[in-house]
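Enquirer: My questions will all concern the structure given below.
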Amino acid sequence: MARHIDPRSLEEVLECENIVDDRTPDYYYLLNERRRVICNAIRSLTATQRRRYLMHFEDGLSLQEIANIEGVAKSTIDDSVQAAQRKIKKFC
């Protein structure tokens with residue numbers, strides 16, 4: 001059974017250090033599996049959701065900064081990022 005992955009920090013998810021202590025074959029298997037799951041989840045997003053999600057969680061931009069860049073309301077960005085999170089959680 002797959003372990004729940006919190007999509008908030010892709011870097012933490014991809015590290016897998018909390019699952020296996022040593023860099024054994026199991027470590028690399030789990031690392032690759034988690035990467036596959038996260039990549040599939042991100043691919044399932046619309047282009048707009050994917051862009052906004054990555055700008056916020058990967059690039060560290062605030063919702064307001066993204067809104068300013070895209071010329072839309074902060075609430076629009078918030079709705080989009082939350083929708084992306086819900087979709088990603090379904091995969092994880």
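Enquirer: Any residue in the stretch 37-45 that is exposed (fewer than 13 other Cβ atoms within 10 Å of the Cβ), of a type outside the set (K, R) and touching a residue at least 24 places away in the same chain (Cβ under 8 Å)?
Expert: Yes, the stretch 37-45 contains a residue that is exposed (fewer than 13 other Cβ atoms within 10 Å of the Cβ), of a type outside the set (K, R) and touching a residue at least 24 places away in the same chain (Cβ under 8 Å).
Enquirer: Keeping to the stretch 51-75, report how many residues are more than 21 Å from A41 (Cα to Cα), hydroxyl-bearing (S, T, Y) and surrounded by 13 or more Cβ atoms within 10 Å (Cβ to Cβ).
Expert: 0
Enquirer: Need a quick list: helices (runs of 4 or more DSSP H) entirely within the stretch 45-92 having at least 2 residues that are under 15 Å from the mean Cα position of the chain (by Cα) and at pLDDT 95 or above.
Expert: 47-57, 74-91
The values are calculated or read from the model by the stated rules, or taken from the named source; none is laboratory data. All values reported here derive from a predicted model rather than from experimental measurement. Using ideal geometry, Cβ is built from the backbone for each residue, glycine included, and neighbour counts are taken over all protein chains shown.
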